[in-house]
Amino acid sequence: MKPDQGPLLSIITVCLNDLENLKSTLGSITSQTYPYKEIIIIDGGSKDGSVEFIQSNSNQVSYWSSEPDKGLYDAMNKGIQKSKGDYILFLNAGDTFHNDQVAEYAMLHAGESDILYGDALMVNKDQSFRGLRHKKLPPNLSWKDFSQGMVVCHQALFIKPMVIVPYDLKYKISSDIDWAIRCLRMTNSVKNLGITVCHFQAGGLSSRRRRLALKERWDIIKKHFGFWKALWSHLVILYKNIAGIR
């Protein structure tokens, strides 16, 4: 970051054969009023016209690649490796900012915090409102809050490279929980932005592969918090699912 400008924000988008959602996401990113940003697109080798779309908008993209990968989290690791920003944010195909001023607000209020976070809205494929991702965010986020799972939306986390870690590829569905815990364990400098950061589409990978997601979440929480905490956490999660509580 130069003295006369704000922090550089790296916005990473990963995609695979999801052209319409990619268009929506890139449109949302380029509409941001914040000027100091780089856009990184990691495509998994799409055959649906996504590559041609990226090429036609290459003047707005700082870096892009299209090649087969080992899955979502491998692609996200590639994005981290190519980023040069003071903060990193993931907005994958189908995700959008809540409004055009989100990035500007976040960077203006970042201060010296290593991690910034905010709220997220769930939307349907047509972007119609579905509900808040969480009814109540932890007011002062800690890695210990993740004993209940992904308590902050992955797409609502701005993280400095100095505390970011690679995603563990042994987790195919829930690596974001493990990643968030490990990032947060590296800092006590976390700030609640108090705003809605993003919209993300319901019915993602964890919803489609529910059994594997639950197994991985169990393994991750047990690794970080122990067996009994993992058991209690999953009983609470089960109760909330039955009761319809987020």
Which numbered condition Asp43 fails, given (1) surrounded by fewer than 14 Cβ atoms within 10 Å (Cβ to Cβ); (2) without any contact (Cβ under 8 Å) to a residue 60 or more places away in the chain
(1)
Which one is nearest to Tyr73 (Cα to Cα) among residues in segment 1-45 that are outside any strand (DSSP E or B) and acidic (Asp, Glu)?
Asp18
Considering residues of segment 188-221 that are hydrophobic (A, V, I, L, M, F, W, C), crowded, with 18+ Cβ neighbours inside 10 Å and more than 22 Å from Phe97 (Cα to Cα) only, the residue modelled with the lowest pLDDT
Ala213
Would you say Thr25 is buried (at least 18 other Cβ atoms within 10 Å of the Cβ), in contact (Cβ under 8 Å) with a residue 40 or more places away in the chain and hydroxyl-bearing (Ser, Thr, Tyr)?
yes
Among Asp126, Asp48, Asp100, the single one that is assigned to a loop (DSSP other than H, G, I, E, B) and modelled with pLDDT under 95 is Asp126
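Kindly evaluate Asp168 against the criterion of being outside any loop (DSSP other than H, G, I, E, B) and touching a residue at least 60 places away in the same chain (Cβ under 8 Å). Break it down into steps so the answer makes sense when it comes.
Numbers: outside any loop (DSSP other than H, G, I, E, B): no; touching a residue at least 60 places away in the same chain (Cβ under 8 Å): yes.
Against the criterion (outside any loop (DSSP other than H, G, I, E, B) and touching a residue at least 60 places away in the same chain (Cβ under 8 Å)), Asp168 does not qualify.
Which one is surrounded by the most Cβ atoms within 10 Å (Cβ to Cβ) among residues in segment 165-180 that are among the hydrophobic types (A, V, I, L, M, F, W, C) and in contact with a Lys or Arg (Cβ under 9 Å, 6 or more places away or on another chain)? Step through it out loud before you land on a result.
We begin by selecting, within segment 165-180, every residue among the hydrophobic types (A, V, I, L, M, F, W, C); these are 165, 169, 173, 177, 179-180.
Those still in the list that are in contact with a Lys or Arg (Cβ under 9 Å, 6 or more places away or on another chain) too: 165, 169, 173, 177.
Values: Val165: 16, Leu169: 14, Ile173: 23, Ile177: 25.
Across segment 165-180, the extreme among qualifying residues is Ile177.
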Under 6 Å between Cβ atoms, which residue pairs at least 6 apart in sequence (or on different chains) link something in segment 222-246 that is assigned to a helix (DSSP H, G or I) with a partner that is modelled with pLDDT of 70 or more and of a type in the set (A, V, I, L, M)?
Lys222/Ala230; His224/Ile181; Ala230/Ile221; Ser233/Ile221
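The values are calculated or read from the model by the stated rules, or taken from the named source; none is laboratory data. From a predicted model like this one, the values you see are computed outputs, not experimental measurements. When we count neighbours, we look across all protein chains shown, and the Cβ atoms used for this are built from the backbone with ideal geometry, even at glycine.
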